[in-house]
Amino acid sequence: MYVAFLLILVASGAAPGSGRISVAAQSVPDSEGTELDSAAVARLEGIAHVWRTVTHFHPYPAYRDVRWDSATVEAIPAAIAATDSAAYADVIGELLAALADPSTRVVPTAVPIDSPQAGTGATDAQPAFDLTADSIGVVRIEDYRALSDWPRVVGRLREIGGMLRSTRGVVFDLRAGPRPAASTDGTLAFAFSSSGLAELLTSTTIATPGFRTRIHHGFHPERGATSGGYRSAFETTDRDWIPSRSERNIPSVFLVDRHASLPLEALALRDAGISMILSEGPFETEAFARTHTLSLAHGVRAAVRISELVQEDGSATVLADREIAAPGRDGSGFDPAFQAALELVRRPKSQPRERTPLPPLGGVSRRSTAFDTPYPDLPLRLMAAVRIWATIDLFFPYGALMDRDWGSVFREYARRLASASDAESYHLAVAEMYSHIQDTHGFVNSDVLYGALGTAPPPIYARWIEGRPVVAGYRHPTAAEAAGLSIGDVILDVDGEDAVSRTRRYARVVAASTEGALMGRATDWMLNGADESLARLTVEGADGRPRLVEVQRRNRYLRFTWRSGDVVRILDDNIGYVDLDRLTVPEVPEMFERLAGTNAIIFDMRGYPNGTAWTIAPYLARVDQAPAAVFDRPLLTGPGEAGRQRYTFVQRIPPRSPDRIPYRGRTVMLVDERTISQAEHTGLFLEAANGTKFVGTSSNGANGDVTNFTVPGGIVLSFTGQSVRHADGRQLQRVGLQPTVTVSPTIEGLRSGQDEVLQAAVRYLLDSDPGR
């Protein structure tokens, strides 16, 4: 009863509520909407990439109240209005400044490789080594272009290491100068580590700090809970241990400036009391921050931090021990920072290590009443497009199965959301955008949407049969029959609108995994209206004559069962029948006792079960704890392709209790578009247990525990959070359980009271019975 479930969710108050955006309410909405050109959309797309990367991978939003969402919303109008690279770079820079993290910034235009400003020394001469008169070694790396030939650099550092054994100490001058270094991408750190230079400076084993990064096992729901176990956390890497290859500690000083690169071993040596870090001017954490670079519109690039240093006690690292005011060298060649470094080597002093605790947990709450405004202003409407695109792009496990490129959907509907002129057109545009995920779990929970399209059904339900909407059953038999409605009536129009056109209009705002699921949801939904409203239906019965029927719509008709009669019974030819839509877990043992002597069982799963699969399957299993389904979910360890991993596990049938007698008869399961999610999972369990066959039409094609997120307008959007496949790896999503015997109900069969799918299942069992 997925349609009923969706509408019950609205009626029960699980709809609009607060979300995670913290923004100030805008005073005057742009009621006429706004048109965006392709360039503005491209700049918005850049904002979306920045928001996604920072939100999910920068460490600060997880534990600091940085008002990141608020800053993003405020940046959107400026990004749209920017007309050139400089203006757009300013917008991105101001947005990233909200994080107060120097490592997360707009990347300056690269210095040409042949520009003298890119470095200060000869490329092939570095790393350079000198020895002072009092035997202090000086290692200089000022031209970072030299690092591109890293095998040569490693070899040179190893040569220098051999010369350090006889020194009193060493100064590593790593200052990059007033401009960003031509290469600060970790090459120095790699070369330093590969050379083993730090091992020659310590007489004992020492350890570097670790890193912590954000990691996501699926998408943790923003509203309520889920059975998927999705979670986000910090992942902390182990420290790297540096063995000793020296009989003594050699004092050292690492001399850096704002743009210098610094090997992690420098911190290990500093924390062991062997080295100090001296900074010429402020030295920021960007020397150690692992960053991800984004290429945005107008050639603008942005670097976003995706890690932070962690000491063994869980504290942050304070980098520079001392700071010398910049600039350094004067016109005479005197270099106060370098002289200070020499003095520190000559007279080393033990420095107490300052510790700054790092919060261990994430989850800063960001809630705002502005988020619930039914018709948000332009920045918030576009923020909805950003959040929808980013969340689905990262966390939807079935993205590869969508028919349309998700980026193109974003670009089209950013314009649609911008031009929405009122609450209804905005909510409809959100629903239409979201329909492109083609996932029947893609519910759009919105009071405005359901106010426009209706929440209350008449006392019937309709299905798409033979290309037309047809009365397929009763929600409330007494009310339906009193109004003159009959099963099998073809619905011609609803409230004066052609029923087929109305169904297809509703289908535009329905997310559905298959064509059958799409038409099934849209057909039943298009009958709805306001609670207690009068539905005026033109229907055609067996006589072929149209007739007008007026019947009341009521929210209480949402709750109903697809079938009546005994839940468990024995049909002719000694075939058992079980209605899994109504069977409960406590009734399973008694059901098997009653049907123990039957030749076969038909499980009717044209609906939604009550968690019985885990109890039923062990009775049928030919192999104990056989694999039943393969799960995998997004496991995100970083924003790039390398960080898009999958967490996969196999779910098995539970073991059978020794006191329960197994059932050895054959089984079939009846399926159609109403067989969704746990109902399809039931099919996987029965298929794995004893090879249960399916009869009917393809099931819905949507399985995997549901999660959700919020967007402006008080809208809650759901989606399948992890993929589920058959035990042998076959695809289920967007395919459904495939019947061995395909049979659809007909209008004539409905009118004559036949269950053609059930009849086909009986015939299949009889025709394929090896004993007959």
> From the set of residues in the stretch 601-615 that are open to solvent by less than 10 Å² (accessible area, probe 1.4 Å) and of a type in the set (Val, Ile, Thr), which is farthest from residue 695 (Cα to Cα)?
Replying inline: 612
> Counting just the residues of the stretch 648-692 that are surrounded by 13 or more Cβ atoms within 10 Å (Cβ to Cβ), among the hydroxyl-bearing types (Ser, Thr, Tyr) and in contact (Cβ under 8 Å) with a residue 24 or more places away in the chain, which one comes out nearest to residue 628 (Cα to Cα)?
Replying inline: 682
>> Looking for something within 35 Å of the chain's Cα centre (by Cα), of a type in the set (Phe, Trp, Tyr) and surrounded by 18 or more Cβ atoms within 10 Å (Cβ to Cβ) - is there at least one such residue anywhere in the stretch 198-214?
In response: yes
> Can you pull out the residues in the stretch 470-490 that are over 26 Å from residue 444 (Cα atoms), open to solvent by less than 50 Å² (accessible area, probe 1.4 Å) and hydrophobic (A, V, I, L, M, F, W, C)?
Replying inline: 479, 480, 483, 485, 490
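Name the single residue, out of those in the stretch 706-719 being under 10 Å from the mean Cα position of the chain (by Cα) and open to solvent by less than 10 Å² (accessible area, probe 1.4 Å), that is farthest from residue 390 (Cα to Cα). Outline the logic, then answer.
Initial filter on the stretch 706-719 (under 10 Å from the mean Cα position of the chain (by Cα)): 707-709, 719.
Pick out the ones that are also open to solvent by less than 10 Å² (accessible area, probe 1.4 Å) and you get 707, 709, 719.
Values: 707: 15, 709: 11, 719: 13 Å.
Among residues in the stretch 706-719 that are under 10 Å from the mean Cα position of the chain (by Cα) and open to solvent by less than 10 Å² (accessible area, probe 1.4 Å), the one farthest from residue 390 (Cα to Cα) is 707.
Counting only residues that are surrounded by 23 or more Cβ atoms within 10 Å (Cβ to Cβ), give me the strands (runs of 3 or more DSSP E) lying completely in the stretch 231-322 with at least 3 of them.
Working: elements: 231-236, 252-257, 275-280, 291-295, 301-305, 308-310, 315-317.
In the stretch 231-322, the matching strands (runs of 3 or more DSSP E) lie at 252-257, 275-280, 301-305.
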> Which of the residues spanning the stretch 72-99 are open to solvent by 20 Å² or more (accessible area, probe 1.4 Å) and under 27 Å from residue 636 (Cα atoms)?
Replying inline: 93, 97, 98
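Select, from 556, 569, the only residue that is within 24 Å of residue 463 (Cα to Cα) and among the basic types (Lys, Arg).
Being within 24 Å of residue 463 (Cα to Cα) and among the basic types (Lys, Arg) holds for just one of 556, 569, which is 556.
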> Based on what the data block shows, is residue 111 surrounded by 16 or more Cβ atoms within 10 Å (Cβ to Cβ), closer than 11 Å to residue 300 by Cβ and either touching a Lys or Arg at 6+ places or on another chain (Cβ under 9 Å) or modelled with pLDDT under 95 (or both)?
Replying inline: no
>> Against the definition (open to solvent by less than 10 Å² (accessible area, probe 1.4 Å) and touching a residue at least 40 places away in the same chain (Cβ under 8 Å)), how does residue 517 come out, yes or no?
In response: yes
> Is one or more of the residues making up the stretch 558-567 under 30 Å from residue 658 (Cβ atoms) and open to solvent by less than 80 Å² (accessible area, probe 1.4 Å)?
Replying inline: yes
> Can you tell which of 538, 598 is without any contact (Cβ under 8 Å) to a residue 60 or more places away in the chain, hydroxyl-bearing (Ser, Thr, Tyr), touching a helix residue (DSSP H, G or I) at 6+ places or on another chain (Cβ under 9 Å) and open to solvent by less than 30 Å² (accessible area, probe 1.4 Å)?
Replying inline: 538
>> Show me the strands (runs of 3 or more DSSP E) found entirely inside the stretch 623-671 where at least 3 residues are of a type in the set (Lys, Arg).
In response: 644-652
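Among 426, 375, 413, which is the only one that is open to solvent by less than 20 Å² (accessible area, probe 1.4 Å) and in contact (Cβ under 8 Å) with a residue 60 or more places away in the chain? If you could, list the steps in order and put the result at the bottom.
Numbers: 375 fails: open to solvent by less than 20 Å² (accessible area, probe 1.4 Å); 413 fails: in contact (Cβ under 8 Å) with a residue 60 or more places away in the chain.
The conditions single out 426.
The values are calculated or read from the model by the stated rules, or taken from the named source; none is laboratory data. Because the structure is a prediction, the values reported are computed rather than measured. Counting neighbours? That spans all protein chains shown, and the Cβs are built from the backbone with ideal geometry, glycine included. Ligands, DNA and RNA are stripped out before the accessible areas are found, and what is left, the full protein with its side chains, is counted by its heavy atoms. Shrake-Rupley method; radii C 1.70, N 1.55, O 1.52, S 1.80 Å.
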